[in-house]
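Below: the structure, in structure tokens.
The values are calculated or read from the model by the stated rules, or taken from the named source; none is laboratory data. These numbers were taken from a predicted model, which means no experiment stands behind them. Here the Cβ positions follow ideal geometry from the backbone for every residue, glycine too, while neighbour counts run over all protein chains shown. Just the protein is used for accessible areas: all its heavy atoms, side chains included, with ligands, DNA and RNA removed. Shrake-Rupley method; radii C 1.70, N 1.55, O 1.52, S 1.80 Å.
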Amino acid sequence: MKITNVEAFILQSPFEITLPENSDEARGVKHCLLIKVSTDEGITGWSDVETSPHVAEAAINAPESGAGMFEGLRALAVGEDPFDVERLWDKIYRGTIYFGRRGVAMQVLSGFDIACHDIIGKAVGRPVHKILGGGRRDKVRAYASTLFRSSPDAMKQACEFYLKRGFTAVKFGWGVFGQDFKRDVKLVAAARETLGPDTALMIDPGWMVDRSAYDAVELCKALEPYNIFWLEDFLHPENYDGYASVKAAGVRTRLAAGEQEATAWGFRELIRRGRIDVAQPDLSRCGGFTQARKIMWEAECAGIDVCPHAWLTDLLTAASLHVNAVLPRSLFLEYNVSDNPMLREIIENPVQMDKNGYIPVPDGPGLGIGINEAAVKRFCVNL
């Protein structure tokens, strides 16, 4: 089997992206990148990538330079065997190194790697979790991943809505959080009061808010009465020593981070220096399944948990379900609840949550998620 094409599809939402008003749901991202990898045997693999799609399209379609270090991903991949994921990962990483190593180049490499695993699973008739070594579970507890609302009353209404939908865990992040410390605490208090003691509550304060490690410790202490499951990405992604300082302060709350991190060696630095409790690799940013396997090993060696970040379409949700399936210990599946037809309508067989708040791991070949190509064309702006 040989790769014959790598295509980038830039999708655009019909809605402008704004913070949710009152208890209304957020719209999600304005643009989304889909990657399609085709082969000479008619098997295709897909992935979504949360990145700047217009920049990513250029990284995929850039021509060969002849130097071997400034290459477009498509030029590096066409003619290769999609089963050679380790060798291909290294070839593309080295081939894009002068403009890559992180950011868009790493993100398109991540999406390409996911698509290759999708192809492998379809070719052998097995789900990706079989390729990764075999599932330990066939369903994963989901948490509703959403933005902070602007008032305690709006927070209560949002929590009531997620409870009615069957979620047993909720994460609030970003939005207005970080603008007013006293209001921040009131928003979390309102969420805990409404969710009750048995529903897990996670908080993502947003790393774009400029906080010192001291500020983060104060935030942890203020939120301790509300028994949050973890505090996520509350410092700049590269502030490893800041994370370590917060941990050293003796806070009781789990510290989670990593959605902006990439590669196993990057996560080794975050885990060892940052002393986090939960590593959160995003499969479309960290290097795909090829790096996720190694990140899982780094976390296992350090005795910490892995919970993939997944905030896009059900392609990324499915990929994260397969990783959760093979983890020694699975915490949650992040489920993007944003109200955005661009993210929903392109999926032929969306994941479904059961009445107990769990989402089954897809058991079809590859990712187990089908793409509605007609819907892709409807939202696509670069065809």
- Query: Considering amide H positions built from the backbone, and no H for Pro or chain starts, which residues 5 or more places from N382, or on another chain, come under 5 Å of its amide H?
  - Reply: I10
- Taking a crude spin-label model, label points 7 Å out from Cα along the C-beta direction, the A222 to E41 distance in nm is 5.7 nm
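Run through the DSSP bridge list for the chain and note the antiparallel percent, rounded to the nearest 5.
Values: 20 of 44 bridges.
Close to 45 percent.
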- Query: Considering the zone a paramagnetic label at V124 would reach in this model (a point 7 Å from Cα along the Cα-to-Cβ line), which residues of the stretch 287-303 have amide N under 20 Å from it?
  - Reply: 288-297
- Message: Show me, bin by bin at 10 Å from 0, the whole-percent P(r) of the chain based on Cα pairs.
- Response: 5, 24, 34, 26, 10, 2, 0
- Item | Only Lys, Arg (+1) and Asp, Glu (-1) charged, at Cβ; the stretch 154-231 dipole about Cα centre in debye | 260 debye
- How large is the helix-only mean residue ellipticity at 222 nm for the chain, computed as the sum of -39500 (n - 2.57) over DSSP H runs with n ≥ 4, divided by its residue count, in deg cm²/dmol to the nearest 500? -12000 deg cm²/dmol
- Task: Mind giving me the nanometre distance, one decimal, between the label points for Q179 and R87, set 7 Å out from Cα along Cα→Cβ?
- Result: 5.5 nm
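Can you give the relative contact order of the stretch 114-230 as a percent, counting alpha carbon pairs under 8 Å and 6+ residues apart? Please report the intermediate quantities before stating the final value.
Details: 122 pairs, mean separation 27.3, N = 117.
Reported relative contact order: 23 percent.
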- Charge dipole (the stretch 133-246, unit charges on Cβ, about Cα centre) - positive-most of T146, I228, G166: G166
- Can you tell me the dipole magnitude for the chain around its Cα centre, using point charges on the Cβ only (Lys, Arg +1; Asp, Glu -1), in Debye to the nearest 20? 720 debye
- Task: List the extent of the Cα atoms of the stretch 96-150 along each of their three principal axes, largest first, rounded to whole Å.
- Result: 42, 36, 16
- Grab the beta carbon distance between D210 and F15, set R0 = 30 Å, and tell me the FRET efficiency rounded to 0.05. 0.55
- Using only protein heavy atoms and a 1.4 Å probe, report how much of E160 is accessible, in Å² to the nearest 10. 90 Å²
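Taking Cα pairs under 8 Å and at least six residues apart, what relative contact order does the stretch 175-245 come out at, in percent?
Numbers: 67 pairs, mean separation 26.0, N = 71.
Relative contact order for the stretch 175-245 comes out at 37 percent.
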- Find the eigenvalues of the gyration tensor of the Cα atoms of the stretch 284-365, then list the square roots of 5 times those eigenvalues as equivalent ellipsoid semi-axes, largest first, in whole angstrom. 24, 14, 12
- Query: Can you give the relative contact order of the chain as a percent, counting alpha carbon pairs under 8 Å and 6+ residues apart?
  - Reply: 20 percent
- Extent along principal axes [Cα atoms of the stretch 183-236; Å; largest to smallest]: 31, 15, 15
